[in-house]
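Comments concern the structure below.
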Amino acid sequence: MGRHRHTVTLTINGETHDLAVEPRRTLLDALRDDVSLTGTKKVCDMGNCGACTVLVEGQAMYSCLLLAVDCQGLSVTTIEGLGHDGQLDPIQRAFIEADAFQCGFCTPGQVMSLRGLLDATPSPSDEQIERAVTGNLCRCGAYLHIIDAGRRAVVLDREAKEVRDVHVAG
Amino acid sequence: MSTWQVERQEGEDGEVTLSVAEGTPLSPWDAGAALRIVGTPRTRLEGVEKVTGSAQYAYDVRLAGQLYAGILRSPHPHARLTRVDTTAAAALPGVHAVISLADAPDIDWYDDSKLFDPTLRFAGDEVAAVAAEDEDIVADALRLVVAEYEPLPFAIDIVAALAPGATPIHEGGNVESEKTYERGDVEAGLRAADVTFDRVLTTQTAIHHSLEPHGCTVAWEGEGVTVWESTQSIFDVRQQVAEKLGLGESQVRVIKQHMGGGFGSKQIVWKQTVIAALLAKRSGRPVQLMLDREGESLAVGNRNPTRQRLRLGATADGTLTAIDVTIHQAIGAHSAGGEGSNTAGLYQTLYACPNVRTSQTGVYTNTGPAVAFRAPGYVEAAFALETGMDDLARQLGMDPLALRLTNYTGDDQSKEMPFSQPDGLRACYEKATVAFGWGETIEQPAESHRRRGVGIAAHHWVGGAGDPPGYAWVKLNPDGRADIITGTQDIGTGTRTGLAMVAAEELGFTLDQVTFHLGDTALGPYAPVSSGSATMATIGPAIRAAAAEAKAELLAAAAAFLEEPVERLSVRDGLIRVAGEPEDRATPVAAVTGSMSPHMIQTQGARGGNPEDVSIQTFGVQCAEVEVDTRTGEVTILRVVAAHDCGRIINPTTVDSQVIGGVTQGIGFALTEERVVDAATGIVLNANLEEYKVPTVSDIPGIQNVHVGIPDLKANPTGSKGIGEPPLIPTAPAIANAVFDAVGVRFYDLPLSRSRVVDALAARERQGMPA
Amino acid sequence: MTMRTFAYAQPESLADVIAALGAAPSRDAVRPLAGGTDLLTLMKGDIVAPDRLLDLKRLTGLDDTVEIRDNELVLGALTTLTAIETGSLVGEHCPALAKAASLAATPQLRNRATLGGNLLQRPRCWYFREHLIPCWLKGGDACPAREGENGLHALFADSPCVAVHPSDLATVLLAMDATVTVRGDAGERAIAAGDFFVQPDEGRRRENTLGGDEVVLSVAIPLIPGRTSAYHKAMDRKAWAFALVSAACSFRLDGGVMRDVRVVLGGVAPIPWRSTAAEAALDGERPGADVFARAAAAALAGAEPLRHNGYKVHLARNLVIEALEEVTRA
Ligand SMILES: Cc1cc2nc3c(=O)[nH]c(=O)nc-3n(C[C@H](O)[C@H](O)[C@H](O)COP(=O)(O)OP(=O)(O)OC[C@H]3O[C@@H](n4cnc5c(N)ncnc54)[C@H](O)[C@@H]3O)c2cc1C
Ligand code: SF4
Ligand code: FES
Ligand code: FES
């Protein structure tokens, strides 16, 4: 069998990309190697760690277990797509404030999992915050601070939204 | 002013080495020093890069024309490679370079082996490598490599390797090293004891599993090569790559700005770096070679498993009369180098005891090579020793804390000198037990099958002192901002931020007036490997020295600028102040540095030597509370309180992170982590993050880090010692002791896996002793 | 490991899929692709290497609808585990299934993994998943787990294979008397969950009876008034782990005594393991500690532990008791 390539159209962080990929290309490799968006990390490549988490149509998923061809027409948000107008996303701010990382390698995945949670559930319980990152391993052991960041993010997120709403209203 | 002395030394083989003594004498920041930045919580300087995904790791380097590479590994634990043919792989479209035993240069590796060796000594040993246009093609090509093996008998564990007639893994047999230590007379000590402990305890093989795998991106330019490497030691990579490839050190540039974890496994240089460089040379293109998770699990280090026979004796009042331990540890197929596990060390120092004997034997096995893993040796020893101490306390009817305090010592008995901070451990006992509420009755749940218990464990750690050499430069720019430059690296511990704080403190600048540069052998002065919890204590003083000199020059310049005597001048918050003058008359540094432009103040600081009359160690104590479900064997850790002495705390934020991170790894080591090797095939069955179980967020209880924070004035002029490794040392024994307290079952083997706990509880139930 | 090359297609109708499956030279040559969370890991591990994948997600005739139909709770094969975990109908009518979904895998996987794929996922046995090791289930001569590292393996195996079924949902579905509706060349058929899963044997080295040309359409759970259920799962760690052992129990109380009792264990056999002996011990009895203990003992009576998995006997017994206690409380 030849190395047949398909053209897939993906909306990545709001931008349309046409990629020529083999069917076996994972979304993760397509992001990192074809689009050079290296913020999404590759660790296990087997769905075991969460470092590759992105939002697909708003839902957190492991990009190492998605075929790029299988994402035809879908919208994908990566860590590079967070934040507005040069401002950090509230979750990103919360991670810095809470010192929710050490080496930082799991961080993009953790942030994306929480972004997925807060988009669907703006006022999550502590348990929901914890559950949202059960699929994101952190070998440095920053978990307690990640939970703390999640809690702070809820507040910051609300504030940020209020500010945006005021702008829209104004 | 700094001193510099050089002395000629001639070895027995006639080789001449020059030893250098240098350093800047500085008076230590004592407990009363009015510090404005050091000691205050600060977020990380690289925070924005890390949360936005823009931090560039070795894995993230993307160069024009870059190839990707992968390694074919031995499927056999011990075999002779009789044939390897890469022709078909090389012919695959998209493949640009291959390398194997068939065509590799003759490069020595490990003690007695080669980069590509005809004898393969563990399942995972390197057989061939390929560079191609993408990772999928690499995998296709590796499947096309023809390799034929003649399997040899193998031994995967200590018992098999030491059995009579066991296959020799190296020429000299399977004993890699033997070390003994003795003081007093242990047999007499045991005879004098009223209670004794005598058990074999074992600890498992643990894998570091840094989330960023080992690997690098390599690009040649002429005869020079640049290596972006995920490493704890850019200068060691430089030296090794130069040596193996026959280059001069200056022809090799190593860069590491960010790294996705190392925990000891990246403190030495592994084969893939040189393989990548050779593939890049052959293909004429930049090559990225990052290990996959399997390679990461198999070939680049592990915490060696141990088997420890421990005998303890104590008199009725709790005084220890003897400590005798015989340790065997499997070091894997090769001595990989780096700091070896000194499992015996803790036994020699933790408790006052006149009669101590330790014997430590390293054993070759046909498994991946071991390498330092966060507090190597001490973690393993602490489980055994602190389990034994807990048992003695029970036998004596003594509080485990009281037994430990009874045997307290402020001296390093192995070196026969006092510790630089003789009361450090005592402070940890106090802080941890008070915060924990040690001795208070714990509440038991209503259901009789859920039982709670508490445990305590203590430790010494031989690291954290730091050593020379280590350098830093300070550059004061015309705009009044300082560049701090050093060749150290931030391995995720917060080094950047902590060192920048030291610089800002000494200069009298605000933190944001300082720009910190590290991680590039071409741009910064030498700094050693980030291991042994040493970076802060090694480089901190060098930075302080460089900054002190820069400040002196700045004040001299300011004296001329302001026409004031220098004695009246000081710098605070980035402003030059004249004693007695109002605050608002202060002069910005930029006014002075700008007026001397293009002349600049540029200084170097060197790490001086350590005192010779004290032993510098770090100490800690942890208390844990657990709940055990006697029906299901589920162990739930309810809370851990930690107190660690790391001298002065530079940045409480990152110290807290180090401690909770260490305890988190300790929980994994205590309960779930274990490499599993199939005895029949020698293949690792869980070379992945599915069945090698590191803790998840839900496994981690509240962890409280109680700051001890006593500056160690004898250690170095910052008064600070390392905190990287220690927090993992006492966690497993504290948990195991708490499990005993909860259900009365003693575990002598790690991890306390679900199966082990259920088995033990079931066995007890069969004996008719319900909880 | 990365995957070998394959072709990818998005068939327009279920009929196309069935035809393509029927025409495939072997079962592994052409595979339907749902979430891909199991299939892609098998391909990455070089355990299977299909020539062609057929996407199931964009065709008519297969869906992720959850509805009540004819007194049954019907879940489309493409229903994600997240939908099962959080959906209101499942939560109301079959909380044990919702709980099983919530305890399975991780949030990211649950967002992607489908019910159909979950039932058809292959064992996690580490010999099976290691391509260097031949094993019986993969077509080899023998099972290396029998004498090897078998701490995660089966207590009840009427098969050369001692792997355990990895699905949390399957265990609950058996306890709910669910049926699996499939369609192939010969048309549609509904299979009782207990018949859908079968121990692998020489003629069929697989864990289910799905025909080579068949596609799973949906799963139906009969709604029995007054029936309550519970699911308990023991793991090596608190989250993100397959079951070491699990227990799904259900019954309804009729005049204070238990009726329609189901006791099913996960993690103890190559298939979800229903214990009719335990059910018989409970049927017609009033709930209580003694009868639960007797039933739990009966459930494990024929267990044949291997060298390293004896702990599962004790664990399974107590999980049955815990699950029965919870059903009683519900
Ligand atoms: C890290 C990890 C952890 C996990 N933990 C758990 C756990 O704790 N508990 C648990 O129960 N599961 C667990 N799983 C398994 C997971 O739930 C399954 O992988 C998932 O449900 C499979 O669904 P899918 O849609 O992704 O299937 P796919 O991978 O797409 O398909 C699986 C198989 O089913 C076939 N198939 C799929 N749908 C149909 C259909 N409708 N008709 C015919 N054939 C079909 C495919 O061809 C393939 O052979 C875990 C998986 C991973 C990777
Ligand atoms: S238990 Fe089954 S899957 Fe595992 S090795 Fe044996 S035959 Fe293969
Ligand atoms: S890289 Fe995708 S889950 Fe680990
Ligand atoms: S911060 Fe290093 S793995 Fe999470």
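The values are calculated or read from the model by the stated rules, or taken from the named source; none is laboratory data. All values derive from a computational prediction rather than experimental measurement. Positions of Cβ are generated from backbone atoms using ideal geometry, with glycine treated the same way; all protein chains shown enter the neighbour counts.
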Tabulated pairs, the stretch C:24-37, first within 19 Å of C:E207 (Cβ to Cβ), second more than 16 Å from ligand 3 (Cβ to nearest atom) and not in a loop (DSSP other than H, G, I, E, B), C-beta under 6 angstrom, 6+ apart or interchain: C:R31/C:L53; C:P32/C:L54; C:A34/C:T114; C:A34/C:G116; C:A34/C:G117; C:G35/C:T114; C:G35/C:G117
Filter the stretch B:73-110 for residues that are of a type in the set (S, T, N, Q) and farther than 16 Å from B:W270 by Cβ; which is surrounded by the most Cβ atoms within 10 Å (Cβ to Cβ)? B:T86
Search the stretch C:6-44 for residues being farther than 18 Å from C:V216 by Cβ and small (G, A, S), and hand back the single one that is nearest to the other protein chains (Cβ to nearest Cβ). C:A7
Search the stretch A:13-34 for residues being basic (K, R) and within 11 Å of A:R3 (Cβ to Cβ), and hand back the single one that is nearest to ligand 2 (Cβ to nearest atom). A:R24
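Examine the stretch C:158-169 for a residue that is among the charged types (D, E, K, R), more than 12 Å from the chain's Cα centre (by Cα) and within 28 Å of C:C143 (Cβ to Cβ), and state whether such a residue exists. If you could, list the steps in order and put the result at the bottom.
First pass over the stretch C:158-169, keeping only residues among the charged types (D, E, K, R): C:158, C:168.
Subsequent filtering for residues that are more than 12 Å from the chain's Cα centre (by Cα) retains C:158.
Right, trim to within 28 Å of C:C143 (Cβ to Cβ) and you get C:158.
Within the stretch C:158-169 (the criterion being among the charged types (D, E, K, R), more than 12 Å from the chain's Cα centre (by Cα) and within 28 Å of C:C143 (Cβ to Cβ)), the answer is yes, since at least one residue qualifies.
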Scanning for something surrounded by fewer than 17 Cβ atoms within 10 Å (Cβ to Cβ), at pLDDT 95 or above and not in a loop (DSSP other than H, G, I, E, B), does the stretch C:23-42 turn up at least one residue? yes
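Looking for something crowded, with 16+ Cβ neighbours inside 10 Å and among the acidic types (D, E) - is there at least one such residue anywhere in the stretch C:278-289?
Applying the first criterion (crowded, with 16+ Cβ neighbours inside 10 Å) to the stretch C:278-289 yields C:278-279, C:281-282, C:285, C:287.
Now restrict to residues that are among the acidic types (D, E): C:279, C:285.
Yes: the stretch C:278-289 contains one or more residues that are crowded, with 16+ Cβ neighbours inside 10 Å and among the acidic types (D, E).
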Subset of the stretch A:45-82 [in a loop (DSSP other than H, G, I, E, B), under 17 Å from B:G53 (Cβ atoms), within 6 Å of ligand 3 (Cβ to nearest atom) and touching a Ser or Thr at 6+ places or on another chain (Cβ under 7 Å)]: A:G50, A:C52
So for the stretch B:29-44 (the condition being out of contact with any Leu (no Cβ under 8 Å at 6 or more places or on another chain), buried (at least 22 other Cβ atoms within 10 Å of the Cβ) and under 30 Å from A:S36 (Cα atoms)), does at least one residue qualify? yes
Where residues in the stretch B:111-123 are buried (at least 18 other Cβ atoms within 10 Å of the Cβ) and either acidic (D, E) or within 11 Å of chain C (Cβ to nearest Cβ) (or both), which of them is farthest from the chain's Cα centre (by Cα)? B:D117
Against the conditions (1) under 19 Å from the mean Cα position of the chain (by Cα); (2) farther than 18 Å from B:L689 by Cα; (3) more than 7 Å from ligand 2 (Cβ to nearest atom); (4) hydrophobic (A, V, I, L, M, F, W, C), where does C:W126 fall short? Just the number, please. (2)
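With assigned to a helix (DSSP H, G or I), away from ligand 2 (no atom under 16 Å from the Cβ) and closer than 30 Å to B:V227 by Cβ as the only criterion, which of B:I491, B:I539 stands out? Explain how you work it out, then say what you get.
On the way: B:I491 fails: assigned to a helix (DSSP H, G or I).
Exactly one of B:I491, B:I539 is assigned to a helix (DSSP H, G or I), away from ligand 2 (no atom under 16 Å from the Cβ) and closer than 30 Å to B:V227 by Cβ, namely B:I539.
Give C:E67, C:E85 a once-over and let me know the one that is within 14 Å of chain A (Cβ to nearest Cβ), of a type in the set (D, E), away from ligand 3 (no atom under 16 Å from the Cβ) and in contact (Cβ under 8 Å) with a residue 12 or more places away in the chain.
Numbers: C:E67 fails: within 14 Å of chain A (Cβ to nearest Cβ).
Residue meeting the stated conditions: C:E85.
Taking into account only those residues within the stretch B:279-299 that are touching a Pro at 6+ places or on another chain (Cβ under 8 Å), within 14 Å of another protein chain (Cβ to nearest Cβ) and of a type in the set (A, V, I, L, M), which is surrounded by the fewest Cβ atoms within 10 Å (Cβ to Cβ)? Quick ask: steps written out before the conclusion?
Of all residues in the stretch B:279-299, those touching a Pro at 6+ places or on another chain (Cβ under 8 Å) come to B:280, B:290-293, B:295-296, B:299.
Adding the requirement that they be within 14 Å of another protein chain (Cβ to nearest Cβ) leaves B:290-293, B:295-296.
Next, only the ones that are of a type in the set (A, V, I, L, M) stay: B:290-291.
Details: B:M290: 24, B:L291: 21.
Across the stretch B:279-299, the extreme among qualifying residues is B:L291.
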Restricting attention to the stretch B:679-727, the residues that are without any contact (Cβ under 8 Å) to a residue 24 or more places away in the chain and of a type outside the set (D, E, K, R) number exactly 5
All-but-one check, B:A276 against (1) within 30 Å of B:P105 (Cβ to Cβ); (2) away from chain A (no Cβ under 14 Å); (3) within 20 Å of the chain's Cα centre (by Cα); (4) not charged (D, E, K, R), failing number (3)
Within the stretch B:488-508, can one find any residue that is in contact with a strand residue (DSSP E or B) (Cβ under 6 Å, 6 or more places away or on another chain) and polar (S, T, N, Q)? no
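For the stretch A:83-170, please list each of the helices (runs of 4 or more DSSP H) lying entirely inside it that holds at least 2 residues being more than 13 Å from chain C (Cβ to nearest Cβ) and in contact with an Asp or Glu (Cβ under 7 Å, 6 or more places away or on another chain).
Numbers: elements: A:90-98, A:107-120, A:126-132, A:143-169.
The qualifying helices (runs of 4 or more DSSP H) are A:90-98, A:143-169.
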Within the stretch C:179-191, count every residue that is touching a residue at least 24 places away in the same chain (Cβ under 8 Å) and either part of a strand (DSSP E or B) or under 19 Å from the mean Cα position of the chain (by Cα) (or both). 8
Take the residues of the stretch A:83-112 that are within 21 Å of B:D60 (Cα to Cα) and in contact (Cβ under 8 Å) with a residue 40 or more places away in the chain: which is nearest to ligand 3 (Cβ to nearest atom)? A:G109
Run down B:A123, B:A79, B:A91 and say which single residue is over 30 Å from A:C52 (Cα atoms), touching a Pro at 6+ places or on another chain (Cβ under 9 Å) and of a type outside the set (D, E, K, R). B:A79
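Of everything in the stretch A:1-44 that's part of a strand (DSSP E or B) and under 15 Å from the mean Cα position of the chain (by Cα), which residue is surrounded by the fewest Cβ atoms within 10 Å (Cβ to Cβ)? Even if it seems obvious, please write down each step before you answer.
We begin by selecting, within the stretch A:1-44, every residue part of a strand (DSSP E or B); these are A:6-12, A:15-21, A:26.
This time we only want the ones that are under 15 Å from the mean Cα position of the chain (by Cα), so: A:11-12.
Details: A:T11: 15, A:I12: 22.
Checking each candidate, the answer is A:T11.
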Residue hits (the stretch C:294-330; more than 10 Å from chain B (Cβ to nearest Cβ) and surrounded by fewer than 19 Cβ atoms within 10 Å (Cβ to Cβ)) are C:R294, C:A297, C:A301, C:G302, C:E304, C:P305, C:R307, C:E325, C:E326, C:T328, C:R329, C:A330
Keeping to the stretch B:692-703, report how many residues are surrounded by fewer than 20 Cβ atoms within 10 Å (Cβ to Cβ) and either outside any strand (DSSP E or B) or within 7 Å of chain C (Cβ to nearest Cβ) (or both). 2
So, of the residues in the stretch C:144-156 that are more than 8 Å from ligand 2 (Cβ to nearest atom) and within 22 Å of the chain's Cα centre (by Cα), which turns out to be farthest from the other protein chains (Cβ to nearest Cβ)? C:F156
If B:A344 meets every condition in (1) within 25 Å of B:G666 (Cβ to Cβ); (2) within 14 Å of chain A (Cβ to nearest Cβ) apart from one, which number is that one? (2)
Residue pairs, Cβ under 8 Å, 6 or more apart or interchain, first in the stretch C:132-143 and more than 13 Å from C:P200 (Cα to Cα) and within 12 Å of chain B (Cβ to nearest Cβ), second more than 16 Å from ligand 4 (Cβ to nearest atom) and of a type in the set (V, I, T). List them. C:L132/B:T681; C:L132/B:I683; C:I133/B:T681; C:I133/B:I683
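So if I check each of A:D45, A:D18, A:D70, which one is of a type in the set (D, E) and within 14 Å of chain B (Cβ to nearest Cβ)? Show your work before the answer.
Details: A:D18 fails: within 14 Å of chain B (Cβ to nearest Cβ); A:D70 fails: within 14 Å of chain B (Cβ to nearest Cβ).
Only one candidate qualifies: A:D45.
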